[in-house]
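A.B. asks: I have a structure I would like to understand better, so I am pasting it below and will then ask my questions one at a time.
Each reported figure results from applying straightforward, stated rules to the coordinates on display, with no laboratory input. Because the structure is predicted, anything quoted here is derived from the model rather than measured. Please note: Cβ atoms are built from the backbone with ideal geometry, for glycine as well, and neighbour counts cover all protein chains shown.
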Amino acid sequence: MHRLGWLLVLLAGVALAQTAPELLQETSERLQEGPWKAELVGQIVGPGGDLQPADLKVTVVPGAEVVRIDFIRPDALADNYLVITPDKVYNYLFLTNQVVVYPRAKARIEGLGFDLSRMGDLQGLEARRDLTWEDPAPTELDGRVAWKLVGRAADPQSAGFVRVALWIERSEALPLRSAFYGEGEQVLSDLNWENFTFADLKPDALVSFPPDAEWIEKN
């Protein structure tokens, strides 16, 4: 699009701007329309604080509140996967053929330096009252007209991050990118949402593990 065209689109967006909670609510409702799949590509921080390339396959059945995250990268986590349910988090470790089960409130993801199960929950962000959101800023990302939302945590230790930035596509109300930052603007995760599609999925297809896996319960 011609530069003047982008300017007119962005100026029009200012006039029609919603608040951050309204945009998050709209995005949450869009993600609740049915089961969906997406690929999250970018970088995440490891246990040692180093950034690593990330490629995650995310599958969600909203009605059952079940999320599955399959790791392709980092290489150390390849073939591991995570299943998040309303009360438990199941962490499947490929190399040891183990399923480590945590209570949802105490989940810890092996091999990561932050709690991906909490930070990837955009619907949960909309419902939180301990985040202060700036006014949405009109922008564009990879040629797509979008809003950028920035929220700050009142209690970073409890939230697991200091600041979050979200890019939401204007026309489809779908996430394009999500980034979380820790103390000193350390990047905890910065992921582009790619290949988003609604799909016919059942919870049982997500909550499945090798029959010979060893189960380890954590309290």
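A.B. asks: If you plug each phi of segment 54-62 into the Karplus form 6.51 cos²θ - 1.76 cosθ + 1.60 with θ = phi - 60°, what whole-Hz ³J(HN,Hα) values come out, in order, with x for Gly and Pro?
C.D. replies: Computed from phi, the couplings for segment 54-62 are 10, 9, 10, 9, 10, 10, 9, 10, x Hz.
A.B. asks: Stretch ARG104-ILE216 to full length: gain in nm at 0.36 nm per residue minus the Cα-Cα span?
C.D. replies: 38.8 nm
A.B. asks: Expressed as a rounded percentage, what relative contact order does segment 17-214 have, with Cα pairs under 8 Å and six or more residues apart?
C.D. replies: The normalised contact order for segment 17-214 reaches 24 percent.
A.B. asks: From the phi angles alone, apply the Karplus equation (6.51, -1.76, 1.60; θ = phi - 60°) to segment 19-26 and give each ³J(HN,Hα) in whole Hz, x where the residue is Gly or Pro.
C.D. replies: Using θ = phi - 60°, the values come out as 7, 4, x, 5, 5, 5, 5, 4 Hz.
A.B. asks: What lysines could a cross-link reach from LYS202, if we take a straight Cα to Cα line under 19 Å and drop same-chain neighbours fewer than 8 places away?
C.D. replies: Within reach: LYS37, LYS57, LYS88.
A.B. asks: Can you list residues from other chains, or at least 5 along the same chain, whose modelled amide H is less than 5 Å from the amide H of ALA54?
C.D. replies: Amide H to amide H, under 5 Å and 5 or more residues apart or across chains, ALA54 pairs with GLY42, GLN43, ILE44.
A.B. asks: Can I ask one more? Computed over the Cα atoms of segment 17-214, what is the convex hull's projected area averaged over all directions, in nm²? Provide the component values of the computation, followed by the final result.
C.D. replies: Working: hull surface 43.6 nm².
Quarter of the Cα hull surface area: 10.9 nm².
A.B. asks: Kindly rank 182-189, 35-42, 162-169, 74-81 from highest to lowest mean number of other beta carbons found within 10 Å of each residue. Numbers along the way, then the final one.
C.D. replies: Values: 182-189: 14.6, 35-42: 19.0, 162-169: 20.6, 74-81: 16.6.
So the order, starting with the most tightly packed, is 162-169, 35-42, 74-81, 182-189.
A.B. asks: How many angstrom lie between the C-alpha centres of segment 158-216 and segment 37-88?
C.D. replies: Spelled out, the Cα-based centre of one part sits 7 Å from the other.
A.B. asks: What is the gain in length, in nm to one decimal, between THR85 and GLU22 on full extension, counting 0.36 nm per residue of separation less the C-alpha to C-alpha distance?
C.D. replies: Gain in length upon complete extension: 20.1 nm.
A.B. asks: Using a cut-off of 16 Å between alpha-carbon atoms, which aspartates and glutamates can reach LYS218, once sequence neighbours fewer than 8 places away in the same chain are excluded?
C.D. replies: Hits, sequence-local ones excluded: ASP87, GLU110, ASP115.
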